[in-house]
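To start, the structure itself, in structure tokens.
The values are calculated or read from the model by the stated rules, or taken from the named source; none is laboratory data. Since this is a predicted model, take the numbers as computed values, not measurements. Cβ sites come from the backbone with ideal geometry, for glycine too, and all protein chains shown count toward neighbours.
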Amino acid sequence: MIKIDRLKQAVKNEFKGWKFWELAWMTIAVLVIIAVSIYWNENLIGVISAVTGVICVICTGKGKLSAYVFGAINTLLYAIIAFQVKYYGEVMLNALYYFPLQFYGLYVWAKHMNPETNEVIKIRMSNKSRVIIFGSVAIVTLVYGYVLQLMGGNLPYIDALSTVVSVVAMVISIKMYMEQWILWIFVDIVTIIMWAVAFMRGSESIATLLMWVVYLINAVIMYVKWSKEANSRSSKEVIASEI
């Protein structure tokens, strides 16, 4: 009975604290994707993947636990779509990495929710950590890009760059660092290029392309939001070792 009560309270918390512009942004983004998908006769998997993906990133920006629920659905469907156009880096990233991390992310965030806002607490990284991360991304991208090239994948180095940065961004997202949005902006730009190429080559991926465009817009918005909230008192009280 206690577990059921906790579940009900958790669901209620997901609906608390939303501002009008946040709900309007989510609604508009979802409706645009659905409308364009219908016009271009997008397949059902593509539409569901895009819609759940958009809801996921907006809920992530809001700091809501439901982001990981929608994220789990999106990652599996997106992996299928990526496989169809031979973006193998995206396939492995989503099926083998993103999907299992949705459950770990849910666990970590649940332990660091702000009881006043019903949102996850937001913090900043040190300058040293930023230097280490960006340097590592550059080196690993070159190695992984070569591997994807040997596999015969399309746009191997762009695919690798998107994948590597996404891996790092997901980790610091789970750790609640606002710098994740800088990386997501970069990932979104690169991935938009990838799916634009796929679409021009005849792939029925308009919903996926629009999903990434929404991701980019959302990342810019949430970078501003998290930058401000990372300076709050509650964020400064979080101890890094606890994360």
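If you check residue 155 against the conditions, is it farther than 24 Å from residue 105 by Cα and loosely packed, with under 13 Cβ neighbours inside 10 Å? So residue 155 does not fit the description; no. Return yes when residue 181 is buried (at least 23 other Cβ atoms within 10 Å of the Cβ), without any contact (Cβ under 8 Å) to a residue 40 or more places away in the chain and outside any loop (DSSP other than H, G, I, E, B) and no when it is not. It is false that residue 181 is buried (at least 23 other Cβ atoms within 10 Å of the Cβ), without any contact (Cβ under 8 Å) to a residue 40 or more places away in the chain and outside any loop (DSSP other than H, G, I, E, B). Among the residues of the stretch 80-119, the ones that are of a type in the set (A, V, I, L, M), farther than 20 Å from residue 187 by Cβ and outside any helix (DSSP H, G or I) come to 1 in all.
Taking the condition of being within 18 Å of residue 122 (Cβ to Cβ) and under 18 Å from the mean Cα position of the chain (by Cα), how many residues in the stretch 16-65 meet it? Result for the stretch 16-65: 11.
Every test in (1) in a helix (DSSP H, G or I); (2) closer than 30 Å to residue 16 by Cβ; (3) among the hydrophobic types (A, V, I, L, M, F, W, C) is passed by residue 125 save one, and that test is (1). Scanning the stretch 76-90 for residues being in contact with a Phe, Trp or Tyr (Cβ under 8 Å, 6 or more places away or on another chain) and charged (D, E, K, R) gives a total of 1. Only one of the numbered conditions (1) under 21 Å from the mean Cα position of the chain (by Cα); (2) more than 19 Å from residue 95 (Cβ to Cβ) is not met by residue 126, and that is (1).
Take the conditions (1) over 18 Å from residue 214 (Cα atoms); (2) modelled with pLDDT of 90 or more; residue 86 misses just one of them, which is (2). Considering the stretch 30-66, the residues that are crowded, with 20+ Cβ neighbours inside 10 Å and over 23 Å from residue 106 (Cβ atoms) include one that is modelled with the lowest pLDDT, namely 42.
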